[in-house]
Amino acid sequence: MAKNFRELEAKMSPESRARSDAKTQKMIEEMALNELRQAMGITQERLAKALRINQAGVSKIESRSDIFVSTLRKAIETMSCFAGFVNVAAERAPQTA
């Protein structure tokens, strides 16, 4: 039987949770922009619409190694907004056992 992640996390010691959080943060920091977008379940088209650019623009941003910090910040802030929306929706969804 599958267990809810929150139940498993609640059983972890504070030290284990801190190690897990640190590893998660390190993995996120090392992700390429397109990997982060895909991991969050956001399409290039959806991100493009939120950034008010076309899909080709998102593709170009993701493939560049020299990106302006302001462009990167805007893309990440936009994805964070999507993540916040997804988290709120998940919290409001009925829990199944």
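The values are calculated or read from the model by the stated rules, or taken from the named source; none is laboratory data. Please read all numbers here as calculations on a predicted model, not as lab measurements. We place every Cβ from the backbone using ideal geometry, glycine too, and count neighbours over all the protein chains shown.
This table checks each residue for (1) assigned by TED's automatic domain parsing to the domain that holds M79; (2) touching a residue at least 24 places away in the same chain (Cβ under 8 Å); (3) surrounded by 12 or more Cβ atoms within 10 Å (Cβ to Cβ).
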| residue | (1), (2), (3) |
| --- | --- |
| R6 | no, no, no |
| D21 | no, no, no |
| T24 | no, no, no |
| M40 | yes, yes, yes |
| A48 | yes, no, yes |
| L51 | yes, yes, yes |
| G57 | yes, no, yes |
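Of the helices (runs of 4 or more DSSP H) that lie entirely inside the range 1-53, those containing 2 or more residues that are farther than 30 Å from S65 by Cα and over 17 Å from the mean Cα position of the chain (by Cα) span 5-11, 14-30.
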